[in-house]
Amino acid sequence: MRRRDFLPLVVLPIAGCAERVRLPAEGSQRHAKEPPVSELTPDLPVTRKTSIAKRGIEDAPGEVSDVEGFRGALEARAVAVERLEQGDERHSLDHALGSFDETGLAHALGDVAGVYAAYARSVDDPRPLAATVLYEGEPAGEYEIPVAWAAEYDEGILTAKEYAEKVLGTAKATA
């Protein structure tokens, strides 16, 4: 049941494309493992999950200096933090999702990704973030954010939409 509810949230709707999409050349910088396609798809008359997540990323604070500030910034954006732990290898976040509507996961994921980017740029030794999405108290899905992606967004290598797409691409349902 939870898997069935979670899966539609991680699929990007691209149906109805009227324009031909051109892929980057083999030798270009864009041609890498799982390149972002946000700039390659035409605008559609539907709100895509990357656009929803992008807004959360762009609305993030400029600086988050510690883990408690990270928690506070998430809670200020209505992300229901159940657990946030700083580990030696990575940070672990569990956050609840109130509903599986069209914007639920994308909105929360965008907020988390934006605040995480602010945190990663503000601390000396950032660690990757592993997040678990809880629904009705049970794990329903997970996603992760490598430090490199947050740094690439911060340096302007990735746009907010590309950063959102990469993070959304890691989301998967838990069994």
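The values are calculated or read from the model by the stated rules, or taken from the named source; none is laboratory data. Keep in mind that this is a model prediction, so the values were computed, not measured. Backbone-built Cβ (ideal geometry, glycine too); neighbour counts: all protein chains shown. Surface areas here come from the heavy atoms of the whole protein model, side chains and all, with no ligands, DNA or RNA. Shrake-Rupley method; radii C 1.70, N 1.55, O 1.52, S 1.80 Å.
Observations, loosely collected:
- Residue pairs whose Cβ atoms lie under 8 Å apart, sitting 6 or more positions apart in sequence or on different chains, and linking a residue in segment 73-96 that is assigned to a strand (DSSP E or B) to a partner that is exposed (fewer than 11 other Cβ atoms within 10 Å of the Cβ) and at pLDDT below 90, are Ala96/Gly137.
- Taking segment 136-175 as the range and being in a strand (DSSP E or B) and either touching a strand residue (DSSP E or B) at 6+ places or on another chain (Cβ under 7 Å) or without any contact (Cβ under 8 Å) to a residue 60 or more places away in the chain (or both) as the test, the residues that pass are Pro139, Ala140, Gly141, Glu142, Tyr143, Glu144, Ile145, Lys172, Ala173.
- Counting the residues of segment 85-108 that are modelled with pLDDT of 90 or more and open to solvent by less than 20 Å² (accessible area, probe 1.4 Å) gives 3.
- Check on Tyr116, touching a Phe, Trp or Tyr at 6+ places or on another chain (Cβ under 8 Å), buried (at least 16 other Cβ atoms within 10 Å of the Cβ) and aromatic (Phe, Trp, Tyr): yes
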